[in-house]
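For reference, the structure is listed below as structure tokens.
The values are calculated or read from the model by the stated rules, or taken from the named source; none is laboratory data. Just so you know, these numbers come straight off a predicted model, no measurement behind them. Every residue, glycine among them, receives a Cβ derived from its backbone with ideal geometry; neighbour counts consider all protein chains shown. Side chains included, ligands, DNA and RNA excluded: accessible areas come from the protein's heavy atoms. Shrake-Rupley method; radii C 1.70, N 1.55, O 1.52, S 1.80 Å.
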Amino acid sequence: MDRETRVYAENHFRGLQGRPPGGACPPPGCVDFIENPDSFSYADFFKGYLLPNMPCVFSSSFTAGWGSRRHWVTSSGKPNFEHLLRKYGDVVVPVANCGVQEYNSNPKEHMPLRDYISYWQEYIQGGYFSPRGCLYLKDWHLCRDSSAEDVFTLPVYFSSDWLNEYWDSLDVDDYRFVYMGPTGTWSPFHADIFRSFSWSVNICGRKKWFFFPPGQEEALRDCHGGLPYDVTSPALLDRRLYPTREHCSPPLEVTQEAGEMVFVPSGWHHQVHNLEDTISINHNWVNGCNLANMWHFLQQELCAVQQEVSEWRDTMPDWHHHCQVIMRACSGINFEEFYRFLKIIAERRLLLLAKGMGPDEVEGEGGEGTVLGPQQAAFDIGRIAEVLASVVAHPDFQKVDTSMFSPQPEELLRQLEEVVVTTTTL
């Protein structure tokens, strides 16, 4: 990040006055298509799409050098089952049944990749039908479970990725996934975890996306307050079941071709269908641009938990602690872990500034690190300081036992606010 981009970004967030970015807005007439990597910079993406929280599609030129596009795909553009079996056949992968609704998702089972590919080949031979249903390999942690060498190169546009930076530092999990499945497999209507950004590259095949900007999903709630499972279902035309559907704008539709890369903004609900046999690589990520969205989402999640168990508030010992435990079980994170997340990223940025790294230097290993210079680090610290101030002031965070935290949240906030002042002229 250069200084001009940092100043632009800081002015953007100053104008929001603490409100989470990405409120309800009408979708654009079409999604921008970015054609040439040589004429599209990190600053172009940051100012044109990341800050305004708008989707875009990158051409296949951006992924032309990826090993997965060479090795995972046959000369006819189909999945290279032989290579995948040879390389990953014994790896156990998660598989969802698209034909079965379980709440607003699909039930999953686990099987070796070779068994899934055997099913897939039989499914194709059966005219894209199987008595086992329509099975979709989803959320395979390839980078965590196997060697991802020569599979992909992290695009610079998505390199400020705090979510995976944090989980990599703990060495327990990540939010990098592979999806693969036959024609007709799909992902139901949802917004991404923690209101993260995501990016998705088709290694082969084609996808159809239906996008709804933040706030539009409220008009899609049914008479019981629930969001739809399938926004293409004729049931949505029933005004008795979906009384506010007419107030929702039509979805923004995108057809993603092989090799193309889709940027999914924070808080945009979407639904995705595979139009052909398709393999994709997908990452969820959070950084300074959507950190406030993540914090706002976590507050909403805690409120929902508290409402569900409100009748035991006066009789359950440590009710507030139990709400945090339930929240972590349901959402994958609670207020305590969110503070740890902020602390780890903040300490890494403070260390980077202390080292005095140059604007073109990179921290990280194997191309997976965050492309950071002092301007990006200073911007990140400013965003963490603003959100941490809100966390520290939150009544429910004040009920969290922070006695073993090091540093104490208030002390970390003081350090960050001092650095914000000293880096103003950086």
Using the per-residue mean of other Cβ atoms lying within 10 Å as a proxy for protection, in what order, highest first, do the peptides 236-246, 196-206, 4-14 fall? 196-206, 4-14, 236-246
Not counting ligands, DNA or RNA, and with a 1.4 Å probe, what is CYS143's accessible surface area in Å² rounded to the nearest 10? 50 Å²
Sites matching chymotrypsin sites (Phe, Trp or Tyr not before Pro) across region 89-162 that sit in DSSP coil, with at most 14 neighbouring C-beta atoms within 10 Å: TYR103, TYR128, PHE129
Taking the mean number of other Cβ atoms within 10 Å as a proxy for protection, how do you rank 211-220, 309-318 from highest to lowest? 211-220, 309-318
Would you mind getting the accessible area per residue of the chain, heavy atoms of the protein chains only, 1.4 Å probe, in Å²? 45 Å²
GNM of the chain, Cα pairs under 10 angstrom: of ILE333, ILE345, ILE384, the biggest fluctuation goes to ILE333
For region 35-40, Karplus-derived ³J(HN,Hα) couplings (6.51, -1.76, 1.60; θ = phi - 60°; whole Hz; x for glycine and proline) come out as 8, 10, x, 6, 10, 10
Rounded to the nearest Å, the spacing of the alpha-carbon centers of region 166-226 and region 239-273 is 11 Å
Debye intensity ratio in log₁₀ form over the Cα atoms of region 138-184, taken at each q of 0.22, 0.23, 0.32, 0.33 Å⁻¹: -0.90, -0.97, -1.27, -1.28
Let me check I have the definition right: for region 120-245, take the eigenvalues of the Cα gyration tensor, multiply each by 5, take square roots. What are those semi-axes in whole Å, largest first? 31, 24, 13
Output needed: percent of Cα pairs per 20 Å distance bin for the chain, bins running from 0 to the one holding the longest distance. 24, 57, 19, 0
Per-residue ellipticity at 222 nm for the chain, helices alone: DSSP H runs ≥ 4 residues times -39500 (n - 2.57), over residue total, nearest 500 deg cm²/dmol? -10500 deg cm²/dmol
Say we join alpha carbon atoms closer than 10 Å with springs in a Gaussian network model of the chain; which of VAL156, VAL178, VAL264 then has the biggest fluctuation? VAL156
At a 1.4 Å probe, what is the % contribution of carbon and sulfur to the accessible area of region 43-105? 47 percent
Once you list every other residue whose beta carbon is under 11 Å from the beta carbon of GLU276, what net charge do they have if Lys and Arg are +1 and Asp and Glu are -1? +2
Relative contact order of the chain (C-alpha contacts under 8 Å, at least 6 apart) in percent is 19 percent
Extending each Cα 7 Å along its Cβ direction at THR402 and GLN307, get the distance between those two points in nm, one decimal. 2.7 nm
Amide H proximity to HIS269 below 5 Å, modelled H, separation 5+ or other chain, gives PHE212
Top of ASP90, ASP139, ASP192 by mean-square fluctuation, Gaussian network on the chain, Cα under 10 Å: ASP90
Which of the DSSP-defined H helices in the chain satisfy a minimum axial length of 15 Å, computed from C-alpha atoms, and a minimum mean Kyte-Doolittle hydropathy of -0.5? 291-308, 319-331, 335-355, 374-393, 409-422
In region 248-325, what percent of the accessible surface is made up of carbon and sulfur (1.4 Å probe, ligands and nucleic acids excluded)? 50 percent
